[in-house]
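A.B. asks: I am attaching a structure below and will ask some questions about it afterwards.
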Amino acid sequence: MTEAEEPLDKWYRHRSKGAWPFSTQDHGWPISDCSSEGLKAAVTLALLGEAACGEPVSDERMGMCADVIISYQNVSGGWATYEQTRSFEALEMLNPAETFGDIIVDYSYVECSTACVTALCAYRKKCPEGAASRPLDRALRLGKHFVEREQRPDGSWYGSWGVCFTYAGWFGCTSLAALGGTYATSSHLRRACAFLLSKQEPEGGWGESYLSCEKKTYHSLPRRRCHVVNTSWAMLALMEARYHETEDPTPLHRAAAYLLRAQETTGDWPQQEIAGVFNRNCMITYANYRNIFPIWALGMYRDLVQRAKA
């Protein structure tokens with residue numbers, strides 16, 4: 001039975017038409033950041049042209065996804081994962097899990113919020129007429145306020161889906177940059193960069209322990225070791241903020257040099273300490289992170305830092 005025939009709210013479910021689920025279409029449960037990444041991918045492929053990528057997702061279907069993303073937004077201005085926040089933090093007293101923390105309520109996260117903000121920005125660029133007919137500007141304004149409020153006084157954001165402050169720092173900087181902020185114009189981005197730079201290790205990279213997730217304060221890896229994934233996230237954050245356009249880019253040069261030194265003769269980067277997390281205490285290894293993020297960071301470094309210098 002389709003959503004039109006049987007409204008999902010009858011079963012206390014959020015709308016799903018136009019969204020992307022966590023896995024296959026049959027999964028059917030819409031997720032804020034999966035929908036957002038799907039929309040950004042659709043926009044990117046459409047802009048590359050039909051000759052390169054085939055028939056694009058229609059503007060109408062992209063608009064349906066934008067509608068779902070906007071509908072997910074919480075009163076806080078942020079976005080949660082599977083649905084809107086429907087209750088209160090006090091219910092965590094009933095949490096029966098011995099491992100997971102903060103699981104009773106679906107909270108707003110800087111990571112999910114950044115995915116939604118960047119997706120709506122991409123949609124607005126691709127479909128300005130469709131964007132104008134939706135409350136998109138309001139959603140982005142509220143999203144920006146949420147990200148700014150979530151920033152801690154020391155300039156950091158707490159990461160809930162990766163280890164941890166380097167991960168969330170990348171997201172926080174990305175969302176504010178997508179909304180027009182730069183290191184030169186945004187005090188939030190300057191504070192974020194200052195926090196990250198204060199954690200850079202003597203070897204040039206960053207190395208963050210899973211203990212950051214559990215303790216909710218920054219913990220370096222033992223013996224101040226560097227980690228290729230944490231280093232990549234920190235580099236991406238600094239470059240999204242356009243730190244290098246105002247300040248001495250030496251920290252980025254040192255970080256890039258570390259990543260190049262760390263690469264193995266096979267072309268891979270080493271599998272190091274765990275970089276993924278669910279709900280504070282459930283640590284997860286994402287094996288491809290060790291290659292995806294160094295390539296991403298070095299590619300962005302080449303385009304934004306090296307070529308600008310040349």
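A.B. asks: Bin width 5 Å, origin at 0, all Cα-Cα pairs of the range 78-183: what percent of pairs per bin?
C.D. replies: Using 5 Å bins, I get a P(r) of 2, 12, 19, 21, 19, 13, 8, 4, 2, 0 for the range 78-183.
A.B. asks: Can you pull out the trypsin sites (Lys or Arg not before Pro) in the range 45-146 that DSSP calls coil and that have at most 13 other Cβ atoms within 10 Å?
C.D. replies: Numbers: sites: ARG61, ARG86, ARG124, LYS125, LYS126, ARG138, ARG141, LYS144; in loops: ARG86.
Sparse-neighbourhood loop trypsin sites (Lys or Arg not before Pro): ARG86.
A.B. asks: Once phi is turned into θ = phi - 60°, what whole-Hz ³J(HN,Hα) does the Karplus curve with 6.51, -1.76 and 1.60 give for every residue of the range 58-65, x standing for Gly and Pro?
C.D. replies: Rounded to whole hertz, the list is 5, 4, 4, 5, 4, x, 4, 5.
A.B. asks: How high is the relative contact order of the range 19-92, in percent, counting Cα pairs under 8 Å that sit 6 or more residues apart?
C.D. replies: On the way: 66 pairs, mean separation 22.0, N = 74.
That works out to 30 percent.
A.B. asks: Taking the chain as a Gaussian network, Cα atoms linked when under 10 Å apart, which of PRO251, PRO294, PRO56 shows the biggest mean-square fluctuation?
C.D. replies: PRO56
A.B. asks: How big, in percent, is the set of alpha carbon pairs in the chain lying more than 36 Å apart?
C.D. replies: Result: 18 percent of Cα pairs exceed 36 Å.
A.B. asks: To continue, here is another question. Which GluC sites (Glu not before Pro) in the range 201-287 sit in a loop by DSSP (not H, G, I, E or B) and have at most 11 other Cβ atoms within 10 Å of their own Cβ? Present the calculation step by step, with values, prior to reporting the outcome.
C.D. replies: On the way: sites: GLU203, GLU208, GLU214, GLU240, GLU245, GLU247, GLU264, GLU273; in loops: GLU203, GLU247, GLU264, GLU273.
Those that pass, being in a loop and sparsely packed, are GLU264.
A.B. asks: Here is a follow-up. Charges on Cβ only, +1 for Lys and Arg, -1 for Asp and Glu, centred on the Cα centroid of the chain; of THR114, GLN84, ALA255, which one is farthest towards the dipole's positive end?
C.D. replies: So the residue furthest toward the plus end is ALA255.
A.B. asks: Ignoring everything except DSSP H segments at least 4 long, calculate the 222 nm mean residue ellipticity for the chain; use -39,500 (n - 2.57) per segment, divide by total residues, nearest 500.
C.D. replies: Numbers: 12 runs with 142 residues, N = 310.
Value at 222 nm, helices only, nearest 500: -14000 deg cm²/dmol.
A.B. asks: For the chain, modelled as a Gaussian network with Cα springs under 10 Å, which listed residue fluctuates most, LEU94, LEU259, LEU142?
C.D. replies: LEU94
A.B. asks: What's the percent breakdown of Cα-Cα distances in the range 158-310 across 10 Å bins, shortest bin first?
C.D. replies: Calculated P(r), rounded to whole percents: 12, 44, 35, 9, 0.
A.B. asks: Work out the charge dipole of the range 159-310 with +1 on the Cβ of Lys and Arg and -1 on the Cβ of Asp and Glu about the Cα centre, then indicate which of GLY267, SER175, TYR210 is farthest towards its positive end.
C.D. replies: Selected residue: TYR210.
A.B. asks: Sticking with this structure for a sec: Can you give the Rg to Rh ratio for the range 1-145, taking only C-alpha atoms and Rh from Kirkwood?
C.D. replies: 1.01
A.B. asks: Relative contact order for the range 1-125: what percent, with Cα pairs under 8 Å and sequence separation of 6 or more?
C.D. replies: 26
A.B. asks: When only Cα pairs under 8 Å and 6 or more residues apart are kept, what is the percent relative contact order across the chain? Present the calculation step by step, with values, prior to reporting the outcome.
C.D. replies: Values: 511 pairs, mean separation 43.3, N = 310.
After rounding, I find 14 percent.
A.B. asks: Picking from LEU91, LEU260, LEU197, which is most flexible by a Gaussian network model of the chain using Cα springs under 10 Å?
C.D. replies: Result: LEU91 has the largest fluctuation of those listed.
A.B. asks: In the range 75-166, which chymotrypsin sites (Phe, Trp or Tyr not before Pro) fall in coil by DSSP and have 12 or fewer other Cβ atoms within 10 Å? Before the final figure, lay out each step's value.
C.D. replies: Details: sites: TRP79, TYR82, PHE88, PHE100, TYR107, TYR109, TYR123, PHE146, TRP157, TYR158, TRP161, PHE165; in loops: TYR82, PHE88, PHE100, TYR107, TRP157, TYR158, TRP161.
Of the chymotrypsin sites (Phe, Trp or Tyr not before Pro), the ones in loops of the range 75-166 whose Cβ has at most 12 other Cβ atoms within 10 Å are PHE88.
A.B. asks: Helix 250-262 sits at what angle to the longest principal axis of the chain, using alpha carbons and giving 0 to 90 degrees rounded to 10?
C.D. replies: 90
A.B. asks: Karplus couplings for the range 274-288 from phi (6.51 cos²θ - 1.76 cosθ + 1.60, θ = phi - 60°), rounded to Hz, Gly and Pro as x?
C.D. replies: Calculated HN-Hα couplings, in order: 4, 10, x, 8, 10, 6, 6, 10, 9, 8, 10, 8, 9, 4, 7 Hz.
A.B. asks: Tell me the angle of helix 228-240 to the major Cα principal axis of the chain, expressed in degrees between 0 and 90 and rounded to the nearest ten.
C.D. replies: 70
Laboratory data are not the source of any read-out in this text; all were calculated from the coordinates shown. Keep in mind it's a predicted model, so treat the numbers as computed, not measured. Please note: Cβ atoms are built from the backbone with ideal geometry, for glycine as well, and neighbour counts cover all protein chains shown.
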